[in-house]
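Undergrad: Dropping a structure here in structure tokens format, bear with me for questions.
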Amino acid sequence: MPTATPAAAATAAAPTANKAARRTLLTIFLALLIDILAFTIILPLFPRILAHYERVDGVDETSMYFSMLKVVRQFKTTIGAKGSKLDIVLFGGFLGSIFSFLQFLSSPVIGSLSDRFGRRPVLLLSMLGNALSMTLWVFSGSFTVFVLSRIVGGLTEGNVQMSVAMITDLTTPETRSRGLALVGVAFSLGFTVGPPLGAYFASLDLKEVIPSLSSWPINSYSTPALFALVLIVIETLFMAVALPETLNFKKKNAVAAKKESPEPTKEASEPSETSQTKSSSDKVVRRKGKKEASDSAVAKAEPDGDALPPVPTTYPITATPMQISALHFLFLFFFSGMEFTLTFLTHDRFNFTHAQQGLYLAGMGVVSALVQGVYVRYYAHKYVPERDIVIQGMIACAMGLAVMGLLADPPQLAKEGKHPPVGTAWLFVGALLLGFTSGTVVTSLTSLASMAAGIQAAQASGAIASQEDADSVVEGPNQGRILGTFRSLGQLGRSLGPIFACSAYWLFGSRTTYAVYAVFVLALSFVSDYLLPYAFLPSKKVKMN
């Protein structure tokens, strides 16, 4: 009776591993969605929260609010900007930048700790920090306590980073973008639903809802803070119960499959000379096919009749994880900066109300969710290389900024109070293009960074000696640290981007700023085309001539 080989046992064990991976991915997605809902609740409230502390602490020269406002006004004078409304705008930008800058500092540390101690314990510890941050916000009777809550949150927030690392643990290069698209979908849904929830709960006075808290140092915006805290607690308990450890997930499954497989017979372990010769010949053919794939590969029809197009089957290693991280920084520096100024643009040119601005941004979120849930999740890597999706997103960004800056209700008409339908239409065309950008670039860059990390680690250890061996690499030993650095530089871009974009907006005007940023992003797409590798494998076997 023939004996099962290890390969057969591994194949038999694969459905169980895949089922566990899918279940864990669903857990990660649900937890991340709750986390982003809690995070985005505060976004539409920033101006009103600052106005509240202006009334409470603004007249006290010894308060932190007064000291920070003094710095903001000095900065405004330095850049030559005028207008009292700019104080709140820049103040909000500085507070947002503080959170992102602290993420820039903490992300590599969180990633390294997860490589050493595991994803799950580090993530749960991070959630305790988030809960502390939200608790401080609930009882932020003074501006000092509110800033402290933002500092604690910036240093401990690790859900997004750990979600990316865990998805990388669970997926292969072929399914990496599909898995990471879940992160983008969670972001899009969170940014669509979270801000309206924040606005609703801000209309409720916590002292009236829970009268026993009247003696505590709460404020007018403690109700949305309490709701965010409840979400964080629910998320933490859910992950403590449902989330398994994912570090070394693939290795553990391989070991389990090996233990379950019987020892091969002597005949199975010692192939015949004919089979050895055939195997060597197959290797030569495969290597030759890989080298010539980009020039001479022609897809044959599959048995079911589906024709496959010629596709590249190798990983040209032309970008290191650090280079991809640098692209991530530059993109978010430009994109997050202009995204921050969108509410200024819609207010200045169209006099949008808070509700109209919320619907406008929610529309972008819906487009982003659809792009990630359909295009990126089901087409990335399988039909379209991640590098191409990145470049498509950057070009869409450049087009969107140019359309919104130059065509959407020209400034001279806006000053006269005229809003032609065509100009308004261009504003929504720009939103559509930026929604596509939001759904493509960061997810695909993250996928490329994770695969480049695995290839770099395998090269350093001597596991691969040539270009053709790179397509077998799944992950490296320091994925958490490398992805932490990737996210860290992205957060630095988010930290600096709004400050520079707001300064340019108030110095040079929206028309010039949007046009110049469009040129910068277009130039970045050419840099990406030069640097980024083709992380692309066919989903079906491709027969070579």
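Undergrad: Could you check how much of the accessible area of the stretch 83-200 is carbon and sulfur, as a whole percent, using a 1.4 Å probe?
TA: 78
Undergrad: Put LYS76, LYS207 in order of accessible area, largest first, 1.4 Å probe: what do you get?
TA: Working: LYS76 30, LYS207 90 Å².
So the residues, ranked largest to smallest area, are LYS207, LYS76.
Undergrad: Let me ask another. Please list 224-234, 388-398 highest first by mean number of surrounding beta-carbon atoms within 10 Å per residue.
TA: On the way: 224-234: 21.5, 388-398: 23.6.
Top of the packing list down: 388-398, 224-234.
Undergrad: Give me the Kirkwood hydrodynamic radius of the stretch 40-170 in Å, from all C-alpha pairs, to one decimal place? Please report the intermediate quantities before stating the final value.
TA: Values: mean 1/r = 0.0614 Å⁻¹.
After inverting the pairwise mean of 1/r, the radius is 16.3 Å.
Undergrad: With a cut-off of 17 Å, note down the residues of the stretch 211-238 whose backbone N falls inside the zone around a label point 7 Å from the Cα of ARG23 toward its beta carbon.
TA: 238
Undergrad: Can you tell me what the convex hull of the Cα atoms of the stretch 140-242 projects to on average, as an area in nm²? Let's see the in-between values first.
TA: On the way: hull surface 32.9 nm².
Computing the convex hull of the Cα atoms and averaging its projections yields 8.2 nm².
Undergrad: For a quick check of your reading of the filter: which chymotrypsin sites (Phe, Trp or Tyr not before Pro) in the stretch 352-395 sit in a DSSP loop and have no more than 16 other Cβ atoms within 10 Å? All intermediate terms of the calculation are to be shown ahead of the outcome.
TA: On the way: sites: PHE352, TYR360, TYR375, TYR378, TYR379, TYR383; in loops: PHE352, TYR383.
In loop regions of the stretch 352-395 (DSSP not H, G, I, E or B), the sparsely surrounded chymotrypsin sites (Phe, Trp or Tyr not before Pro) are TYR383.
Undergrad: Here is a follow-up. Can you pull the accessible area of THR135 for me, 1.4 Å probe, Å² to the nearest 10?
TA: Approximately 50 Å² of THR135 is accessible to the 1.4 Å probe.
Undergrad: Could you give the accessible area per residue of the stretch 102-240, probe 1.4 Å, as a whole number in Å²?
TA: Numbers: 5200 Å² over 139 residues.
Per residue, the stretch 102-240 has 37 Å² of solvent-accessible surface.
The values are calculated or read from the model by the stated rules, or taken from the named source; none is laboratory data. Fair warning: this is a prediction, and the values are worked out from it, not measured in the lab. Cβ: placed from backbone, ideal geometry, glycine included. Neighbour counts: every protein chain shown. Note: accessible area is taken over every heavy atom of the protein model, side chains too, but ligands, DNA and RNA are not part of it. Shrake-Rupley method; radii C 1.70, N 1.55, O 1.52, S 1.80 Å.
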